[in-house]
Amino acid sequence: MYRSHNCGELRIEHVGQTVRLAGWVARRRDFGALTFVDLRDRYGITQLSFNEEYNKVLLDSARSLGREFVVQAIGKVTERSNKNSKIPTGDIEIVVEELQILNSSLVPPFSIEEETDGGDDIRMQYRYLDLRRDPVRQNLMLRHQVARQVRNYLDNLQFIEVETPVLIKSTPEGARDFIVPSRMNPGQFYALPQSPQTFKQLLMVSGFDRYYQIVKCFRDEDLRADRQPEFTQIDCEMSFVEQEDILNLFEGMTRHLFKEVKGVDIGTLPRMTFDDAMSKYGNDKPDIRFGMEFNYLNDLVKGKGFNVFETAECVLAICADNCANYTRKQLDELTEWVKRPQIGAKGLVYVMCNADGSYKSSVDKFYNQDDLKAWAERCGAKAGDLLLLLSGDLHQVRKQMSELRLEMGQRLGYRDKNVFKALWVIDFPLVEFDADNNRWHAMHHPFTSPKPEDLDKLETDPGAIRANAYDLVINGVEIGGGSIRIHDKNVQSRMFKLLGFSEDEAKYQFGFLMNAFEFGAPPHGGIAFGFDRLCSMFGGADSIRDFIAFPKNNQGRDMMIDAPSNIENKQLDELKIALKA
RNA sequence: GGUGUGGUAGUUCAGCUGGUUAGAAUACUGCCCUGUCACGGCAGGGGUCGCGGGUUCGAAUCCCGUCCACACCGCCA
């Protein structure tokens, strides 16, 4: 063994012992005749001490060590004369008796410290060095803990982890597939799974009853801070369950994870219908760490000659606590903010609720104090508050106001990363109309079951059908989503028909599932959690990248291995693939 | 596909309205230093100012194009 102890475990009670340590040279402090070396491994840092009086040869050798050299040191654990209370091993040091350089190192391109000087680019290119840094390692440790607790919880409830194939069939619905050519079947292609959806349903037909898998999924869409082309899901499915059973069981899992990983009790999760979420927050994943709910002012603003509001389908207001003291400059800046193309509002109307009970608005020309007072009362505003109004098309103005609400929540400090508010959003619409392509498409996926009482609208009023579908939302982030599935072949056929699949297309793409449903498919349903997002939320980060060991950049490139890359003509020939010029 | 921000020493950045020998910090190299832990001191090396074009007597700086990174919109059943 290269080492008898790791670099994080020696304490005052080990004084006098002779130990062997191995690790990386994090830092060297050289006083000439006295030199200290910080030796680092994943467990911590231990100080090595070299002294001219004790051993001149060893001292010289220590003074030649560069950063990130890999060394083994044998020596005696000694109490320090000057202790360092900042690190757990700070009471002791190793007076080195033997030093062996196991490997040298180039000078690293950025400093491998908690606070690195490296930018994203260089850190990704040398990710293996970045991973030596404590914060990044902590993130991966956290990820490991979360995975372990998921397995713990589900294992105790008789869930079985089953692996499903990665080379599967492409389906044009939903996200773009990653495509893999088949050498043995020239001209044909596998797709990588966007999720193991159909396989887990087949496992239910097989009687596995309770399945889960912590599994890689692939989607060939543009990236974001919280979206990677390959990502990990906690994928679950159960038989003989109704929506209520799934919500309860996975609410339990969520509570378990928060308790075990964060030491936080998130309590009972509220439930909110999709319609309520859209109406109160303009968003199907509301951040309920704060209120600032939407107020509808249509009936109060009409008929006063303010043309913008007269012609608007919807006039919305939110109330920002204690913001009546906003300066003209701040209000102008906020107006510019909502007018950015990403938000797309035409303008912003404000009302200041002054301390003396008077009101000052940007539309004083059209509305008197009584009008403004009525608005303020509708919004539940108190003296000192600021009303912010947006108007326009219902759908758009909700979306814009949702962005503004989140921004104001941020500015007011209501989005504390150490506070966790989770909820279920339920009763999603089954389908939404895609005006561009003049067709309905599934809000969740084509296997989601309509609520039984809405089943008869499948052919008459699809937009009004609610689905047995649900999302787990935490702090405004969609962490999980699932549904009760269709297990009846006829209902599934009607669903495919609604989505514009011909019978042949449905059979070609999902025939295996339809066939399986002819052999006794149990009622079943499930849910999938975004594992990376869950980890980044536990870690208090907005980006999932630092919770993935080797993530991809904005262009979907792995900067370290430089993938994707060209392949040799020989490989293309074997695949019978020609590249277009 | 679009919007925004950025690209200058190994690294992180400053360099504004055009005129400097292109700087700072840190890292690196050498020398000095016996109790540091972000050690300190002295000295030194290090630059295709992303790339291409243009304007100008003169461009890191202004303009156009392009590439790259990040954030966002579209997209993500």
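In terms of surrounding Cβ atoms within a 10 Å radius of their Cβ, A:Val146, A:Val25 rank from fewest to most as A:Val25, A:Val146. Listed here are the pairs A:Lys259/A:Lys421; A:Lys302/A:Lys365; A:Lys200/A:Lys576; A:Lys399/A:Lys552; which of them are more than 25 Å apart at the Cα? The pairs that break the limit, which is 25 Å between Cα atoms, are A:Lys200/A:Lys576; A:Lys399/A:Lys552.
Between Rg and the Kirkwood Rh of segment A:475-515, both from Cα atoms, what is the Rg to Rh ratio? Expressed as Rg/Rh, it is 1.16. The simple spin-label model puts a point 7 Å past each Cα toward its Cβ; for A:Leu34 and A:Phe110 those points are separated by 3.5 nm.
Computed from label points 7 Å out along Cα-Cβ, the spacing between A:Arg80 and A:Phe519 is 6.7 nm.
Hey, fewest Cβ within 10 Å first, where do A:Asp235, A:Asp454, A:Asp134 land in order? Intermediate values should be presented prior to the final figure.
Numbers: A:Asp235 26, A:Asp454 18, A:Asp134 15.
In increasing order of surrounding Cβ atoms, one gets A:Asp134, A:Asp454, A:Asp235.
Annotation for segment A:38-63 versus segment A:552-581: alpha-carbon center distance of 47 Å. When A:Tyr190, A:Tyr2, A:Tyr359 are sorted by how many other C-beta atoms sit within 10 angstrom of their C-beta, beginning with the fewest, the order is A:Tyr2, A:Tyr190, A:Tyr359. Here is how the number arises for chain A: DSSP H runs of 4 or more residues each give -39500 (n - 2.57), the sum is divided by the residue count, and the result at 222 nm is -8000 deg cm²/dmol. Trypsin sites (Lys or Arg not before Pro) within segment A:403-509: which are DSSP loop residues with at most 14 other Cβ atoms inside 10 Å? When the trypsin sites (Lys or Arg not before Pro) of segment A:403-509 are filtered for loop state and at most 14 Cβ neighbours within 10 Å, A:Lys417 remain. Full extension of the chain segment joining A:Glu53 with A:Arg176 gains 37.4 nm, where the gain is 0.36 nm per residue of separation less the Cα-Cα distance.
Working note: Debye formula, equal point scatterers on the alpha-carbon atoms of chain A, no solvent; log10 I(q)/I(0) at q = 0.10, 0.11, 0.12 Å⁻¹ is -1.04, -1.14, -1.23. Take the Cβ atoms of A:Leu394 and A:Tyr2, set R0 to 60 Å, and the FRET efficiency comes out at 0.35.
Note: relative contact order over chain A, using C-alpha pairs below 8 Å and six or more positions apart, is 13 percent. A Förster radius of 30 Å combined with the Cβ-Cβ distance from A:Lys382 to A:Glu333 puts the calculated FRET efficiency at roughly 0.80. Between A:Asn553 and A:Glu13, full extension at 0.36 nm per residue minus the direct alpha carbon distance yields a gain of 189.7 nm. When both bridge partners sit in chain A, DSSP labels roughly 95% of those beta bridges antiparallel. Tell me which aspartates and glutamates have Cα within less than 14 Å of A:Lys339's Cα, excluding those fewer than 8 residues away on the same chain? Within reach: A:Glu403, A:Glu407.
Applying 1/(1 + (r/R0)^6) with r as the Cβ-Cβ distance of A:Val419 and A:Asp276 and R0 = 25 angstrom yields a FRET efficiency of 0.70. In percent, rounded to a whole number, the relative contact order of segment A:422-527 is 27, using alpha-carbon pairs under 8 Å and six or more apart.
Within a straight-line Cα-Cα reach of under 19 Å, A:Lys497 can be paired with the following lysines, leaving aside sequence neighbours fewer than 8 residues apart in one chain: A:Lys451, A:Lys457, A:Lys489, A:Lys507. Maximal additional length on extending the A:Glu260-A:Lys570 stretch stands at 106.4 nm, based on 0.36 nm per residue less the C-alpha distance. Descending by average beta-carbon neighbour count within 10 Å, the peptides A:165-173, A:283-291, A:3-11 line up as A:283-291, A:3-11, A:165-173, the highest first.
Every number here is computed from the coordinates shown, using simple stated rules; none is lab data. Since the structure is predicted, the reported quantities are computational estimates derived from the model, not experimental observations. Counting neighbours? That spans all protein chains shown, and the Cβs are built from the backbone with ideal geometry, glycine included.
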